[in-house]
Amino acid sequence: MQDDHNHDHDHDHDHDATEAPSEIELRVKALESLLVEKGLVDPEALDELVDTYEHQVGPQNGAHVVAKAWVDLNFREHLLASPGSAIASLGYSGRQGEHIRVLKNTDSVHNLVVCTLCSCYPWPLLGLPPQWYKSAPYRARAVSEPRKVLEEFGTQLGTDVSIQVWDSTSEMRYLVLPQRPVNTDHLSEGALQQLVTRNSMIGVETLKPFSDTND
Amino acid sequence: MNGGHDLGGMHGLGAVNPESETDEPVFHHSWERRVFALTLATGFLGRWNLDQSRHARERQHPIDYLRNTYYENWLAGLQTLLVDSGLLTEAELQSGSCGKGFPDQEIVLTKKEVKAKLQEGKSVELPVAEPPQFVIGQEVIVVNRHPIGHTRAPRYTRGRRGTVIHQHGGHIFPDDHAMGDRTGQHLYTIRFDAGELWGEDNAGNEQVYVDLWESYLTSDGAKQ
């Protein structure tokens, strides 16, 4: 099963001299060489693709959108009414984010996003999905027992809170707008942005009340 | 198709066990980076579309699909697409060495183009001449159909009653798109009560929202 492979993280130190390359590593290298030799891929473009999603596009983009929606009411209204154009106004657009809807959490409604059929995820705002989002247990259970899944993320919600699960079966991509944490009235947009977690924008957690001591 | 990928509601898969957000790397192994990049870069050759690429992963034996890691499934899908489209032969894949035939002149993604191409994305909106058949607030039933090809109506929704809560206009219809045809259909978001999907004993204060195309839905037998 997919998550059983989680144990052997090498956290990706490119060339670990003490370890022979795995079978799959060799297989992928062979495929890449073949495609380069055939003139079907440019190795520099491959490096650029990796660099884009490893170092440039990530949840900081979504956090920017969320923090701005907390402090700027006009932007918030724009974001909820025409998410695509509001998000594009901050410079975020493109692949796997062509059609976006924003889901607003309230005291009585909590939104949670999943893709039961594959791994659809708003790349321009959150980067590539974490392993658990793509795993069989999350895809199977987020729709059928969302409260139990949330508990596995340490998130307990009262039964008075309605959980709305969004299964990303089309090219619509969903971003959760989490509630602004308590005790943050004095914080700037930039400081707020630091408090927005990726998980809160997928909907598996809520944001804890702010205190100067929680680092 | 009722494949190993259609996971909503499956039992026995265990806990989610998420890695901590602050510790998890984007890629866990070097080869995953390359599979990711090879898949995107070859996608830009224009020989297949997103639904064909999803279908290539789904067509694996369900045991393989579930046993594989995520990027192993991407690799399996990519190999299928390369062979199906004639860009590589099975023999070349197996041996890892180039045969005699080279593909026709392909327009290959270059480093300089990467940013712009990613930023541009690809809209799947496709206007439909006919007005939408269903209106917001209407009850609909998901047709109990089990196509052997690619489809985006999850098994757990089929035969279930839901309510239209959003009309998205015409979007490319994935079942046809996976066969290489570009047709448009109205897309809707349908809200289902958890009890309707999973039985009243298993449900609380929860709703599931699923994006479904017009031909997946019917008003026959639904409340008027």
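Points to keep in mind about this one:
- Test for A:E205: is it within 27 Å of B:P154 (Cα to Cα), of a type in the set (D, E) and either open to solvent by 10 Å² or more (accessible area, probe 1.4 Å) or at pLDDT 95 or above (or both): yes
- Residue match in region B:172-183 (condition: open to solvent by less than 20 Å² (accessible area, probe 1.4 Å) and either within 7 Å of chain A (Cβ to nearest Cβ) or assigned to a loop (DSSP other than H, G, I, E, B) (or both)): yes
- All positions within region A:87-137 that are of a type in the set (D, E, K, R) and either at the interface with another protein chain (Cβ under 7 Å from one of its Cβ atoms) or without any contact (Cβ under 8 Å) to a residue 12 or more places away in the chain (or both): A:R95, A:E98, A:K134
- Restricting attention to region A:6-62, the residues that are assigned to a loop (DSSP other than H, G, I, E, B), more than 7 Å from every other protein chain (Cβ to nearest Cβ) and modelled with pLDDT under 95 add up to 9.
- Residues located in region B:139-160, provided they are surrounded by fewer than 17 Cβ atoms within 10 Å (Cβ to Cβ) and not β-branched (V, I, T): B:E139, B:N144, B:R145, B:H146, B:P147, B:G149, B:R158, B:G159
The rows are residues; the columns are (1) closer than 18 Å to B:A194 by Cβ; (2) open to solvent by less than 10 Å² (accessible area, probe 1.4 Å).
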site: A:Q131; (1), (2): no, no
site: A:P137; (1), (2): no, yes
site: A:P146; (1), (2): yes, yes
site: A:Q164; (1), (2): yes, no
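- Taken together, the residues in region B:103-114 that are open to solvent by 70 Å² or more (accessible area, probe 1.4 Å) and facing chain A (nearest Cβ under 7 Å) amount to 1.
- Identity of the residue in region B:65-85, over 21 Å from A:A136 (Cβ atoms) and within 11 Å of chain A (Cβ to nearest Cβ), that ends up surrounded by the most Cβ atoms within 10 Å (Cβ to Cβ): B:L82
- Of the criteria (1) open to solvent by less than 60 Å² (accessible area, probe 1.4 Å); (2) more than 15 Å from the chain's Cα centre (by Cα), which one A:H64 fails: (2)
- Test: residue in region B:47-64 that is at the interface with another protein chain (Cβ under 7 Å from one of its Cβ atoms) and farther than 25 Å from A:F153 by Cβ: yes
- Qualifying residue in region B:131-143 (condition: under 28 Å from A:Y92 (Cβ atoms) and touching a residue at least 60 places away in the same chain (Cβ under 8 Å)): no
- Here region B:190-215 is the region considered, the condition is being in contact with a Lys or Arg (Cβ under 8 Å, 6 or more places away or on another chain) and in a helix (DSSP H, G or I), and the residue that is farthest from the other protein chains (Cβ to nearest Cβ) is B:E196.
- For B:E32, the criteria (1) within 7 Å of another protein chain (Cβ to nearest Cβ); (2) crowded, with 19+ Cβ neighbours inside 10 Å hold in every case but one, which is (1).
- The criterion of at least 1 residues that are in contact (Cβ under 8 Å) with a residue 24 or more places away in the chain is met, among helices (runs of 4 or more DSSP H) falling completely within region B:1-116, by B:30-43, B:50-58, B:62-67, B:70-84.
- Within region A:153-166, being at the interface with chain B (Cβ under 7 Å from one of its Cβ atoms) and either among the basic types (K, R) or touching a Lys or Arg at 6+ places or on another chain (Cβ under 9 Å) (or both) holds for A:T159, A:I163, A:Q164, A:W166.
- Complete set of residues in region A:180-197 that are more than 27 Å from A:K134 (Cβ to Cβ), outside any loop (DSSP other than H, G, I, E, B) and open to solvent by 50 Å² or more (accessible area, probe 1.4 Å): A:E189
- Taking the conditions (1) free of Cβ contacts under 8 Å to residues at least 60 places away in the same chain; (2) closer than 23 Å to B:E214 by Cβ in turn, A:R173 satisfies each one other than (1).
- A single entry from B:Q60, B:Q133 fulfils the requirement of being open to solvent by less than 40 Å² (accessible area, probe 1.4 Å), polar (S, T, N, Q) and modelled with pLDDT of 95 or more: B:Q60.
The values are calculated or read from the model by the stated rules, or taken from the named source; none is laboratory data. All values reported here derive from a predicted model rather than from experimental measurement. Please note: Cβ atoms are built from the backbone with ideal geometry, for glycine as well, and neighbour counts cover all protein chains shown. Heads up: the accessible areas ignore ligands, DNA and RNA and are worked out on the full protein's heavy atoms, side chains in. Shrake-Rupley method; radii C 1.70, N 1.55, O 1.52, S 1.80 Å.
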